[in-house]
Amino acid sequence: MNAIYRPQFWFDLEGGVAYLAGEASPEIASQWHQEVMATVRRVENQPDLGRLRRDLAPPGIRSLIVRRYPRYLLFYRWHEDTIEVLRIKHGMMDLPQLFGGKPPAERLPPRKPPCPARG
């Protein structure tokens, strides 16, 4: 399986390491980095592990939880023999917005107007 790493993945990884080194410890940051890369290897070996994210654009994006850090998600796409590693992000972010999709309010179906009061 070939892997293509998008630049944003490396920015996310570097930012996560810097954040954890400052907020937790350098050891935690190193462990997180190792676990993220282990997650990438898992995806390379079994690309259908992640769940297909129909809420994200472009189509075909999958996400997989980072095992020891379950609040973080690895985002990737899989096509034939290639894995495209897109991002590593905290799952509490507005992910559709992050991937260039519509903000949450725009994804909701339109509301029906209230029924007029009968008198």
> If you go through the range 6-49 one residue at a time, how many are outside any helix (DSSP H, G or I) and within 17 Å of Arg71 (Cα to Cα)?
Replying inline: 1
>> Looking at the range 34-41, can you tell me whether even one residue there is surrounded by 13 or more Cβ atoms within 10 Å (Cβ to Cβ), of a type outside the set (A, V, I, L, M, F, W, C) and out of contact with any Cys (no Cβ under 9 Å at 6 or more places or on another chain)?
In response: yes
>> Go through the range 67-101 and report how many residues are among the β-branched types (Val, Ile, Thr) and within 16 Å of Glu14 (Cα to Cα).
In response: 2
>> What are the pairs with Cβ atoms under 9 angstrom where one residue, in the range 1-26, is free of Cβ contacts under 8 Å to residues at least 40 places away in the same chain and surrounded by 13 or more Cβ atoms within 10 Å (Cβ to Cβ) and the other, located anywhere, is assigned to a helix (DSSP H, G or I) and of a type in the set (Gly, Ala, Ser)? Sequence gap at least six, or different chains.
In response: Val17/Ala29; Val17/Ser30; Tyr19/Ala29; Leu20/Ala29; Leu20/Ser30; Ala21/Ala29; Ala21/Ser30
>> Looking only at the range 80-101, count every residue that is modelled with pLDDT of 85 or more and surrounded by 17 or more Cβ atoms within 10 Å (Cβ to Cβ) and tell me the total.
In response: 7
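The values are calculated or read from the model by the stated rules, or taken from the named source; none is laboratory data. Keep in mind it's a predicted model, so treat the numbers as computed, not measured. When we count neighbours, we look across all protein chains shown, and the Cβ atoms used for this are built from the backbone with ideal geometry, even at glycine.
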